[in-house]
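For reference, the structure is listed below as structure tokens.
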Amino acid sequence: MTGTRAASRYAKAIFEIASSKGQSEAVGKDMGTIAQLIQSNAELKDFILNPTVSVEAKNGALLKIFVDANDITKSLFRLLFENKRFEILEQISNGYNNIYQEANNIQTAYVTTAFEITPEVEKQVLAKIATFSNKKIVIKNIVDPSILGGFILRIGDQQFNASVSSNLRKLSRELSN
């Protein structure tokens, strides 16, 4: 819980600094990249969370990995280095992205499909979502072959399940009754 509070404070502070300098979008891209890389790379996540790895090694590695990062993002690395808090970097980046999206009226729609969606399908999904949402929508595609076909759309706390696997389960329940 303490890590979550601290991460939230860091995220708010970095957002305020980035906004005041007109760099919130650039820092947001960095934070999105950081969160995605930590979530998708188990070795990097283990490296950052490993208490036996020195903060100097963590700082050096992150500066090499994110060499093209914004100066504000690099200042976050320095701050985490000074305070020995690299273990909350993923939480900070996720928190920053949430704050950025809320401030810019952006909402993420998670579309789960059995395969990667094409740009044409993405445009169709965005057009459909625009009919019931007044926010700017960003689509994140989650590939899950277990749904067999169709899609699952989740926006905020709403979910629409039009997957083949869901329809098969419904049919199976109806036939067994």
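The values are calculated or read from the model by the stated rules, or taken from the named source; none is laboratory data. Please read all numbers here as calculations on a predicted model, not as lab measurements. Every residue, glycine among them, receives a Cβ derived from its backbone with ideal geometry; neighbour counts consider all protein chains shown. The area values use the complete protein model at the heavy-atom level, side chains included, leaving out ligands, DNA and RNA. Shrake-Rupley method; radii C 1.70, N 1.55, O 1.52, S 1.80 Å.
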request  = Quickly estimate the mean residue ellipticity at 222 nm for the chain, helices only: each DSSP H run with n ≥ 4 gives -39500 (n - 2.57), and the total goes over all residues, rounded to 500.
outcome  = -19500 deg cm²/dmol
Pairs of lysines in segment 48-177 (C-alpha under 21 Å apart; 8 or more residues apart or interchain) = 10
task = Rounded to whole Hz and in sequence order, give me ³J(HN,Hα) for segment 7-14 from the Karplus expression 6.51 cos²θ - 1.76 cosθ + 1.60, θ = phi - 60°, writing x for Gly and Pro.
result = 4, 4, 5, 4, 4, 4, 5, 5
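Need one number for segment 90-159: average projected area of the convex hull over its C-alpha atoms, nm². If you can, show how the numbers build up before the last one.
Details: hull surface 21.7 nm².
Computing the convex hull of the Cα atoms and averaging its projections yields 5.4 nm².
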query = How many percent of the accessible area of the chain is carbon or sulfur, using a 1.4 Å probe?
reply = 52 percent
message = Classify segment 138-177 from the C-alpha gyration tensor, please: rounded if a/c falls under 1.5, else prolate or oblate depending on whether a/b exceeds b/c.
response = oblate
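How high is the relative contact order of the chain, in percent, counting Cα pairs under 8 Å that sit 6 or more residues apart?
Numbers: 194 pairs, mean separation 38.4, N = 177.
With pairs under 8 Å counted, the relative contact order is 22 percent.
Using 0.36 nm per residue of separation minus the Cα-Cα distance, give me the extension gain between ASN105 and ALA13 in nm, one decimal. Walk me through the numbers on the way to the answer.
Numbers: separation 92, 0.36 × 92 = 33.12 nm, distance 1.95 nm.
Taking 0.36 nm per residue and subtracting the Cα distance, the gain is 31.2 nm.
At a 10 angstrom cut-off on C-beta neighbours, averaged per residue, how do the peptides 65-78, 26-39 rank from highest to lowest?
26-39, 65-78
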Stokes-Einstein D in µm²/s, Kirkwood radius over Cα pairs - segment 1-86 at 20 °C with 1.002 mPa s viscosity = 160 µm²/s
note = Expected vector for segment 139-156, Karplus 3J(HN,Hα) from phi with 6.51, -1.76, 1.60 and θ = phi - 60°, integer Hz, x for Gly and Pro, equals 9, 10, 8, 10, 8, 9, x, 5, 7, 6, x, x, 7, 10, 10, 10, 10, x
note = Each label sits 7 Å from Cα toward the beta-carbon; between LEU49 and ALA6 the label points are separated, in nm, by 1.6 nm
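Computed over the Cα atoms, what is the radius of gyration of segment 1-44 divided by 2.2 N^0.38 Å, N being its residue count? Could the numbers behind the result be given before it?
Working: Rg = 12.2 Å, N = 44, 2.2 N^0.38 = 9.3 Å.
Here the Cα radius of gyration is 1.31 times the empirical estimate.
Can you tell me the order of 88-96, 105-113 when each peptide is scored by its average per-residue count of other Cβ atoms within 10 angstrom, highest first?
Numbers: 88-96: 23.4, 105-113: 16.6.
Listed from highest to lowest mean packing, they are 88-96, 105-113.
In square angstrom, what is the accessible area per residue of the chain with a 1.4 angstrom probe?
Details: 11100 Å² over 177 residues.
About 63 Å² of surface per residue is accessible.
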Rounded to 5, the percent of DSSP beta bridges in segment 103-177 classed as antiparallel = 60 percent
Share, in percent, of DSSP beta bridges within the chain that are antiparallel, nearest 5 = 60 percent
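Relative to 2.2 N^0.38 Å, what does the C-alpha radius of gyration of the chain come to as a ratio? Two decimals please. Don't jump to the answer; show the numbers that get you there.
Working: Rg = 19.7 Å, N = 177, 2.2 N^0.38 = 15.7 Å.
Normalised Cα radius of gyration, the chain: 1.25.
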In order through segment 28-34: 3J(HN,Hα) via Karplus (6.51 cos²θ - 1.76 cosθ + 1.60), integer Hz, x for Gly, Pro = x, 5, 4, 5, x, 5, 4
query = What are the residues whose amide H is under 5 Å from the amide H of SER163, where those residues sit 5 or more places off or on another chain and H is modelled from the backbone?
reply = PHE151
